[in-house]
Amino acid sequence: RVKQDGRNSFRFFAPDMQEDSARSLALDNALKHAISRHELRLVFQPQVCLQTGRIVGAETLLRWTSAQFGEISPAVFIPLAENNGLIGPISDWVLEHAARQLKQWQSVGITELLLAVNISALQFAQPGFVQHVIELVTKAGVKPQQIELELTEAVALKNPQAASLIMKELSAAGFSLSIDDFGTGYSSMSYLKGFAVDRLKIDQSFIRELQVSPNDQAIVKAIVQMAHSLGMRTIAEGVETQQQQDFLSAQYCDEIQGYFFSKPLSAEQFELFFNTHTKQAKPYPTSKAF
Ligand code: C2E
Ligand code: MG
Ligand code: MG
Ligand code: MG
């Protein structure tokens, strides 16, 4: 925490850094009231199977519209919450509301959906995490089998043995597990075989320039092949073009998520999109590589 302990204490900061830290303190303060002021909401981004063309899942993404600051990206406020102790209540809010939403969708016939929720590394390391997550989803009336927990490589980094144990427990309880932003972390490949991971989410940084980068093409190919050899599925994040989709399809990447198929949607929009799409679902042709 930044504390002013004298009038010269900002001497080493450039003016914009001073503003940054003042803003970050004010943001911090606003975030404390975000739940009670109903400023948080969830959006859901569809995940589509390349073989069947069906929507098989959705990723839950948190949104915060602050009365004071407007729309703030989770890439900004999640790290903030991890530093100011709010990550616990915020994560609980997300899981609880995601599970309730899934229950509501199930009641209108959307039953085959795997709902993914992002888990912060800090949250994952809390004592009693496994029991806590089970309770939260069970209370909402859904089964762990219908929820995927997205973990980052950072989860495994600090204490691979403890992480591996917790993942086994989550998996035994019925949760699906995925590694988010796969390929951007620093952990070795060998840890994967010891972990109870169901799918790898290929980071969007490898997808962005896929069409013009032979290196990215090689990396994506290698990730898909490795995952399949280890019995895991793959999903590509940040797919924005037909060409990217065609390449991924030709490499037998299992699923995609990105603006090309759909942006993150409100719960109401998702339900509509799901129903409309499911009526017209056609498999994608798998032969068009570039
Ligand atoms: P992430 O989990 O890797 O989520 C994917 C991000 O990519 C999302 O950004 C999504 O809106 C964005 N995205 C999806 N399709 C495309 C595309 O085609 N092109 C591009 N350029 N971007 C795309 P968002 O929603 O801003 O979230 C950013 C990050 O914040 C997430 O990255 C995740 O790490 C974190 N986050 C979001 N919600 C939660 C949450 O409930 N809990 C935790 N712990 N973290 C969250
Ligand atoms: Mg994610
Ligand atoms: Mg990701
Ligand atoms: Mg990301």
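The values are calculated or read from the model by the stated rules, or taken from the named source; none is laboratory data. This structure is a prediction, so every number in the text was calculated from the model and none was measured. Here the Cβ positions follow ideal geometry from the backbone for every residue, glycine too, while neighbour counts run over all protein chains shown.
Residue-by-condition table, conditions (1) under 30 Å from Gln251 (Cβ atoms); (2) surrounded by 19 or more Cβ atoms within 10 Å (Cβ to Cβ); (3) hydrophobic (A, V, I, L, M, F, W, C):
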| residue | (1), (2), (3) |
| --- | --- |
| His38 | no, no, no |
| Arg41 | no, no, no |
| Leu50 | yes, yes, yes |
| Gly53 | yes, no, no |
| Leu62 | no, yes, yes |
| Thr65 | no, no, no |
| Phe69 | no, no, yes |
| Phe77 | no, yes, yes |
Qualifying residues in the range 246-265 (those that are out of contact with any strand residue (DSSP E or B) (no Cβ under 6 Å at 6 or more places or on another chain) and within 13 Å of ligand 1 (Cβ to nearest atom)) - the one farthest from Ala99 (Cα to Cα): Phe260
Members of the range 19-36 found to be of a type in the set (A, V, I, L, M) and either loosely packed, with under 13 Cβ neighbours inside 10 Å or in contact (Cβ under 8 Å) with a residue 40 or more places away in the chain (or both), listed by number: Ala22, Ala26, Leu27, Leu31, Ala34, Ile35
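Rundown of residues vs (1) of a type outside the set (Val, Ile, Thr); (2) under 17 Å from the mean Cα position of the chain (by Cα); (3) within 16 Å of ligand 2 (Cβ to nearest atom); (4) over 14 Å from Gln204 (Cβ atoms), yes/no style:
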| residue | (1), (2), (3), (4) |
| --- | --- |
| Ser229 | yes, no, no, yes |
| Ala236 | yes, yes, yes, no |
| Gln251 | yes, no, no, yes |
| Ser266 | yes, yes, no, yes |
| Gln269 | yes, no, no, yes |
Arg199, sole failed condition from (1) surrounded by fewer than 19 Cβ atoms within 10 Å (Cβ to Cβ); (2) within 15 Å of ligand 3 (Cβ to nearest atom): (1)
Looking at (1) within 14 Å of Leu95 (Cα to Cα); (2) within 16 Å of ligand 1 (Cβ to nearest atom); (3) within 20 Å of the chain's Cα centre (by Cα), which is the one condition that is false for Asp180? (1)
Could you tell me whether any residue of the range 169-183 is modelled with pLDDT under 95, surrounded by 17 or more Cβ atoms within 10 Å (Cβ to Cβ) and more than 16 Å from ligand 4 (Cβ to nearest atom)? no
